[in-house]
């Protein structure tokens with residue numbers, strides 16, 4: 001089984017929606033279409049299905065027309081019963097006077113069972129939740145016994161758990177069918193698709209496996225937004241929130257959750273935050289990612305390398321103030337203490353000293369000595385709130 | 001299960017309708033006719049007056065309610081009905097013109113029919129221009145606009161030709177008071193053609209309920225079906241208007257009542273709607289002819305019933 005979309009150009013009204021676009025898909029392919037609104041995802045699906053005829057080019061599919069299954073994005077509400085909705089999937093197989101037979105009912109019930117909705121057969125469609133409705137529509141799609149599934153944003157308007165459930169059902173029931181699904185959630189696409197097509201202005205901008213296609217550059221180009229793409233095992237994309245209202249740059253030396261409160265406070269106050277050195281996936285690392293701060297990071301659970309240390313010093317040099325959080329010091333992050341000392345020498349260090357240092361020092365005298373030197377040249381405070389006050393004072397100098 | 005019940009109801013209404021009227025002729029006379037021993041006057045009243053009147057009422061009821069039911073599905077709008085498409089105003093215009101021009105019954109029917117179907121297509125043509133994003137709404141709004149335009153023209157025509165006012169006004173109000181077998185012969189074939197189409201394609205209406213895209217997704221040629229449906233519902237509606245004048249709200253009251261009772265599956269909904277209306281319409285007509293010494297126009301009764309029902313639907317849906 002094969003699908004080939006060969007150099008199609010689609011015009012709606014006077015504007016070209018798709019331009020000379022080519023796609024090939026074979027058995028078992030799970031393709032996600034990504035692109036901003038109006039990029040042509042829906043038009044592509046509708047053209048493959050056959051609702052729209054391309055101006056140029058052809059859609060080649062080596063199966064019957066009724067083996068193309070298409071799930072539109074928008075669904076009107078109806079008081080039809082669930083089973084009646086699912087039976088509509090049998091339409092292509094009914095005769096001229098469309099009247100479903102016993103076999104059609106069985107297939108429809110099987111389809112309902114496969115999405116776990118068999119107990120809803122007699123309920124009114126309009127009374128179901130968004131996720132349940134979408135499952136019923138998937139059952140409608142599978143009752144049609146398609147070889148290729150064309151799904152237009154099947155997770156739109158759903159909450160996160162319903163989104164995941166719908167995608168799981170699609171993945172599970174798809175088997176070796178061709179699946180082409182338009183999605184707006186990049187992370188959902190990465191988790192479920194084995195191929196991603198990024199569409200921009202009616203053209204395919206990037207195509208390939210999620211790992212190859214999803215980069216900060218490709219997303220910037222196609223969606224026009226700044227994101228950070230994290231590649232620790234699973235790839236995922238986090239938007240960078242630019243909240244630096246007051247624009248003052250503050251560097252936080254933290255780790256292991258010690259910076260949690262500080263980072264949030266700084267972010268809400270509108271400071272442009274950077275932090276480091278942090279091990280990737282450390283809880284503080286995740287917070288900085290969330291608030292869109294710059295991170296000097298090291299691989300998970302490893303000692304700070306000289307390279308990371310140098311980058312940290314660079315970040316300290318570029319910030320207007322540095323806060324040393326109430327963090328524990330071990331062999332792995334001893335260099336962070338040295339960085340703090342550097343900041344104190346520059347006269348821009350604030351130290352949050354809540355827990356007695358000996359309780360959080362796992363290195364011994366060496367750390368003790370550096371810490372006492374740091375304290376001499378720094379503003380020492382006892383809480384995160386005080387740190388913020390001290391920060392204001394420091395910056396107003 | 002519901003269908004046999006409705007058939008029994010129809011049978012009862014048939015018996016009632018040919019046995020009740022302003023004259024004293026009742027069940028006994030009907031029985032005499034069945035036995036073949038009735039006199040000429042009895043035959044004339046029952047066979048040439050009440051029977052065609054009953055059949056016309058059934059034809060009109062079935063035409064309007066089946067059209068309303070289908071149009072509500074097509075437009076996914078509970079307030080859609082034949083009259084909203086402007087067909088009534090078109091037909092009225094044809095009828096007024098025919099009276100002014102001095103045409104007979106047959107000419108009036110033809111001109112009303114012609115003018116109605118032209119109006120329906122004008123509405124459809126304007127409403128389905130590519131300019132509009134939501135064509136279902138565009139067609140309804142075009143219908144309302146053209147209907148009010150034509151009503152204005154109708155008033156103007158009536159004003160300019162006030163001598164024929166009485167005839168036309170009574171016709172406009174909608175009634176079965178002058179039944180003729182000729183009208184039955186003329187309208188019955190159209191009814192059969194129109195209803196056959198709607199019943200045979202009722203499955204498509206189910207698919208349309210989810211949206212045009214979903215109907216296309218299961219392989220229905222929506223654009224063609226919409227054009228066909230508008231043609232056949234126009235045919236049915238203009239037939240009804242041509243023989244009975246303006247009888248509003250039947251296309252809303254009956255389909256919605258049946259929907260509440262048996263749900264929205266059109267292979268059941270449509271036949272049940274038709275059978276309820278073939279009982280309802282003659283019943284209203286019986287009420288119209290026995291409730292006063294003269295005749296209350298049927299259109300007035302349906303409007304009095306329909307207005308509040310319309311509001312009830314509005315409130316229930318919380319539009």
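What follows is calculated from the coordinates using simple rules that are stated; it is not laboratory data. It should be emphasised that the depicted structure is a prediction, and the values quoted were computed from it without experimental measurement. Don't worry about glycine lacking a Cβ; one is built from the backbone with ideal geometry, like all the others, and counts go over all protein chains shown.
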Next on the checklist: Report for the protein assembly as shown the percent antiparallel among DSSP-assigned beta bridges with both residues inside it, nearest 5.
Outcome noted: 40 percent
Next on the checklist: Just to confirm the number: angle between the C-alpha axis of helix B:266-290 and the first principal axis of chain B, 0 to 90 degrees, nearest 10?
Outcome noted: 40 degrees
Checklist entry - How far, in degrees from 0 to 90, does helix A:260-269 lean away from the longest principal axis of the Cα atoms of chain A, to the nearest 10? => result 80 degrees
Item to check | CD proxy at 222 nm, helix term only [per DSSP H run n ≥ 4: -39500 (n - 2.57); per residue of chain A; nearest 500] | outcome: -11000 deg cm²/dmol
Item to check | C-alpha long axis of helix A:334-345 to longest principal axis of chain A, angle in ° | outcome: 60 degrees
Checklist outcome for this item: Note on the stretch A:2-237, DSSP bridge orientation, antiparallel percent to nearest 5 equals 60 percent
Item to check | Computed over chain B, Kirkwood Rh from alpha-carbon pairs, angstrom | outcome: 20.1 Å
Next on the checklist: Quick check: from the Cα gyration tensor, does the stretch B:259-319 come out rounded (a/c under 1.5), prolate or oblate?
Outcome noted: oblate
Checklist entry - Roughly what % antiparallel, to the nearest 5, for the DSSP beta bridges in chain A? => result 40 percent
Checklist entry - How large is log10 I(q)/I(0) at q = 0.09, 0.10 Å⁻¹ when the Debye formula is applied to the Cα atoms of the stretch A:159-301, each weighted equally and without solvent? => result -0.36, -0.44
Checklist entry - Tell me, Kirkwood radius of the protein assembly as shown from alpha-carbon pair distances, in Å? => result 31.1 Å
Item to check | Label-point separation, residue A:76 to residue B:8 (7 Å along Cα→Cβ), nm | outcome: 3.6 nm
Checklist entry - Label points 7 Å out from Cα along the Cβ direction at residue A:225 and residue A:345: separation in nm? => result 4.3 nm
Item to check | Fluctuation leader among B:145, B:44, B:240 - chain B, Gaussian network, Cα springs under 10 angstrom | outcome: B:44
Item to check | Isotropically averaged projected area of the stretch A:2-237, using the convex hull of Cα atoms (one quarter of hull area), nm² | outcome: 13.5 nm²
Item to check | Cα-derived Rg to Rh of the stretch B:185-319, Kirkwood definition | outcome: 1.00
Checklist outcome for this item: Listing A:297, B:39 by rising number of other beta-carbon atoms within 10 angstrom, fewest first, gives B:39, A:297
Checklist entry - What ratio of Cα Rg to 2.2 N^0.38 Å holds for chain A? => result 1.31
Checklist entry - Which of these, B:166, B:266, B:256, has the largest mean-square fluctuation under a Gaussian network model of chain B (Cα springs below 10 Å)? => result B:166
Checklist entry - So how do A:117, B:281 line up by other beta-carbon neighbours within 10 Å, fewest first? => result A:117, B:281
Checklist entry - Rounded, prolate or oblate: which fits the stretch A:249-396, taking a ≥ b ≥ c as square roots of the Cα gyration tensor eigenvalues, rounded meaning a/c under 1.5, else prolate when a/b beats b/c? => result rounded
Next on the checklist: Helix-only estimate, please: 222 nm mean residue ellipticity of chain B, summing -39500 (n - 2.57) across DSSP H runs of length 4 or more and dividing by its residues, to the nearest 500.
Outcome noted: -25500 deg cm²/dmol
Checklist outcome for this item: Note on chain A: contact order normalised by length, alpha-carbon pairs under 8 Å, 6 or more apart, percent, works out to 13 percent
Checklist entry - Which value in nm describes the separation of the simple spin-label points at residue A:283 and residue A:126, placed 7 Å from the Cα toward the beta carbon? => result 4.9 nm
Checklist entry - If contacts are Cα pairs under 8 angstrom and at least 6 residues apart, what is the relative contact order of chain B in percent? => result 31 percent
